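Student: Here it is: the structure, laid out below.
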Amino acid sequence: MKKGFLAGCRKFIGLDGCFLKGKLKGEILTAVGRDGNNQMYPIAWAVVEIENSSSWRWFLKLLKTDLDIVDSSEWTLMSDQQKGLSNVIQGLFPGVHHRNCARHVHANWSKSHRGKVLKGHFWQIAKTPNEPQLAENLKALEQIDVGARVDLNKYPMQFWCKAYFKEDVKCDMVDNNLSEAFNRTLLSARSKFIIPLLEDIRVATMKRVAKKKTLAENWRGNYGSLVLKKLNENILGSAGWDVTFNGVEGYEIKKGRFQFKPTSRICQFFCC
């Protein structure tokens, strides 16, 4: 799993924990990546007595060593706002980009701000790709519910809003669904004793690798089916944009009030 992750996955890791269901109590800590077809890629897992700062520090220290992570600033880690985990991550991975799962942010925020309309605005904000457009979406939320807008400040947006994500990692996920999807595959194993539990996970992971290998060998072209689907959706979504050559910097892209102007490294976004 380590070799496959380092050879073919992005430098993105989702972290999560889940309870054991049998007579022996404890938790499983998991680290999950995202493969070349935008699906989950299990990296590592371990059984601990309890999910706390000490157990996370032990787990992440081993993970960092096994993956030979030297420059933490190249990596992105995502978690569900587990208590104490943020400090552990910053201590072991200085300079790392740490994301919080937007779904958990919404779960806390929505306790005081319910309804489909507010929920729709929240997810629009979470998935906003740039800061000028984010400012417009926040203003739209404020016009509907000032209190909801104010309370959103309790959850720093640089941790869960797409507009602030690093571009280098090439992963725009705002939720930790991949980790939770892996945890769901462990549901039956979590009721067993430790050795059978770990054996079930090992065998299931081996079978998954073999299955995904067979599927990949049947791909047509150089892309996975899910990636190709996303690419085609983006191609359709690009219709109606005007592309104008502007010399050294390349091109400017415009549609209505919106304009993208490339700089030396990134595209700047403007509301005209």
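Student: Hey, quick one: spin label on VAL227, modelled 7 Å out along Cα-Cβ, who in segment 161-177 has an amide N within reach, i.e. under 18 Å?
Tutor: Hits in segment 161-177 for VAL227 at 18 Å: 167-173.
Student: Note the full-extension length gain between LYS61 and LYS261 as 0.36 nm times their separation in residues minus their Cα-Cα distance, in nm to one decimal.
Tutor: The span from LYS61 to LYS261 would gain 67.9 nm if fully extended.
Student: Measuring from a point 7 Å past the Cα of ALA140 along Cα-to-C-beta, which residues in segment 235-262 have an amide N at less than 15 Å?
Tutor: Only 257-258 pass the distance filter.
Student: How far is helix 131-144 tilted, in degrees, relative to the longest principal axis of the Cα atoms in the chain, given as a value from 0 to 90 rounded to the nearest 10?
Tutor: 90 degrees
Student: Hey, what does the equivalent ellipsoid look like for segment 27-182, semi-axes from the Cα gyration tensor as sqrt of 5 times each eigenvalue, largest first, whole Å?
Tutor: Semi-axes, largest first: 30, 17, 14 Å.
Student: Find the all-direction average of the projected area of the Cα convex hull for segment 157-272, expressing the result in square nanometres with one decimal place.
Tutor: For the Cα atoms of segment 157-272, the hull's average projected area reads 11.5 nm².
Student: Just how far, in whole angstrom, is segment 85-115 from segment 1-24 if you go by their alpha carbon centroids?
Tutor: Answer, in whole Å: 18.
Student: Cα-based Rg of the chain per 2.2 N^0.38 Å, rounded to two decimals?
Tutor: Its radius of gyration relative to the 2.2 N^0.38 Å reference: 1.13.
Student: Give a quick list of trypsin sites (Lys or Arg not before Pro) in segment 73-157 that DSSP marks as loop, anything other than H, G, I, E or B, with at most 12 other Cβ atoms within 10 Å.
Tutor: The qualifying sites are LYS83, LYS111, ARG114, LYS154.
Student: Calculate the FRET efficiency for ALA107 and LYS213 from the Cβ-Cβ distance with a Förster distance of 41 Å, rounded to the nearest 0.05.
Tutor: According to the calculation, E is roughly 0.65.
Student: Hey, got a sec? Which chymotrypsin sites (Phe, Trp or Tyr not before Pro) in segment 208-252 land in a DSSP loop and have at most 16 other Cβ atoms within 10 Å?
Tutor: Sites meeting the loop and neighbour criteria: TRP219, TYR223, TRP241.
Student: Hey, fewest Cβ within 10 Å first, where do LEU178, LEU85 land in order?
Tutor: Fewest to most other Cβ atoms nearby, the residues stand as LEU85, LEU178.
Student: Which parts of segment 38-70 would a label at ASN87 reach, counting a residue when its backbone N lies under 14 Å from a point 7 Å out along Cα-to-Cβ?
Tutor: Inside the label zone: 52-57.
Student: On to the next question. Go ahead and set up a Gaussian network model of the chain, Cα springs under 10 Å, then flag whichever of LEU29, LEU228, LEU141 fluctuates most.
Tutor: Sorting by GNM fluctuation, first place goes to LEU228.
Each value in this text was obtained by applying a stated rule to the coordinates, not by laboratory testing. Given the structure is predicted, the values throughout are model-derived calculations rather than measurements. All Cβ positions, glycine included, derive from the backbone under ideal geometry; neighbour counts span all protein chains shown.
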